[in-house]
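Working notes, beginning with the structure itself.
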Amino acid sequence: DPDTLDCNKIFIPNAFTPGNDEFNDTFGVVLAGDNIEIVEFFVYNRWGQKVFEATPTVKRWDGNFDGDEAPSDVYVYYIKVRYPDGTEDGYQGDVTLLR
């Protein structure tokens, strides 16, 4: 399954449904391993505009852009993670935002 990347370490969902129902409200890496660090995490809309960049305190996208709800659409992500042994892997793909 292409959505399950290095099964023992991380999982990146292919859709999320922000709606404040506390179920699947944000998008980001699901870390299964210990001490895996997110080094970079960006989300772009179909026009190449960056709609999200992770910070040390905000590690998941809530589906908002510039204070407004981003529309239902397919977005592209790029994520780089660092494993405890110092190696890094980059992942890119798309995620569907459903409202």
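Just a few scattered comments:
- Between K9 and T57, the distance separating the two model label sites (each 7 Å from Cα on the Cα→Cβ line) works out to 3.0 nm.
- Difference of contour (0.36 nm per residue) and Cα-Cα distance, R99 to K50: 15.7 nm
- Simple rule: put +1 on each Lys or Arg Cβ and -1 on each Asp or Glu Cβ in the chain, find the dipole, and look at Y77, N35, T57; the Cα lying farthest toward the positive end is Y77.
- Under 14 Å from the Cα of K80 - aspartates and glutamates, other chains or at least 8 residues apart: D6, E37, E40, E53, E88, D89
- What the Cα convex hull of the chain gives, in volume per residue, is 107 Å³.
- Phi angles of the stretch 72-89 translate, via the Karplus equation with coefficients 6.51, -1.76, 1.60 and θ = phi - 60°, into HN-Hα couplings of 4, 5, 9, 10, 9, 10, 9, 10, 10, 10, 10, 8, x, 7, x, 6, 10, 10 Hz per residue; Gly and Pro are given as x.
- In nm, spacing of pseudo-spin labels at N35 and E69 (7 Å Cα→C-beta vector): 4.2 nm
- Modelled spin labels at F42 and D89, positioned 7 Å past Cα toward Cβ, are 2.1 nm from each other.
- Think of each Lys and Arg Cβ as +1 and each Asp and Glu Cβ as -1; about the Cα centre, that makes the dipole of the chain roughly 160 debye.
- Excluding exposed DSSP-loop chymotrypsin sites (Phe, Trp or Tyr not before Pro) (at most 12 other C-beta within 10 Å), longest clean stretch of the chain: 48-99
Each value in this text was obtained by applying a stated rule to the coordinates, not by laboratory testing. Since we're looking at a predicted model, the values are computed, not measured. In this analysis, Cβ positions are derived from the backbone assuming ideal geometry, glycine residues included, and neighbour counts consider all displayed protein chains.
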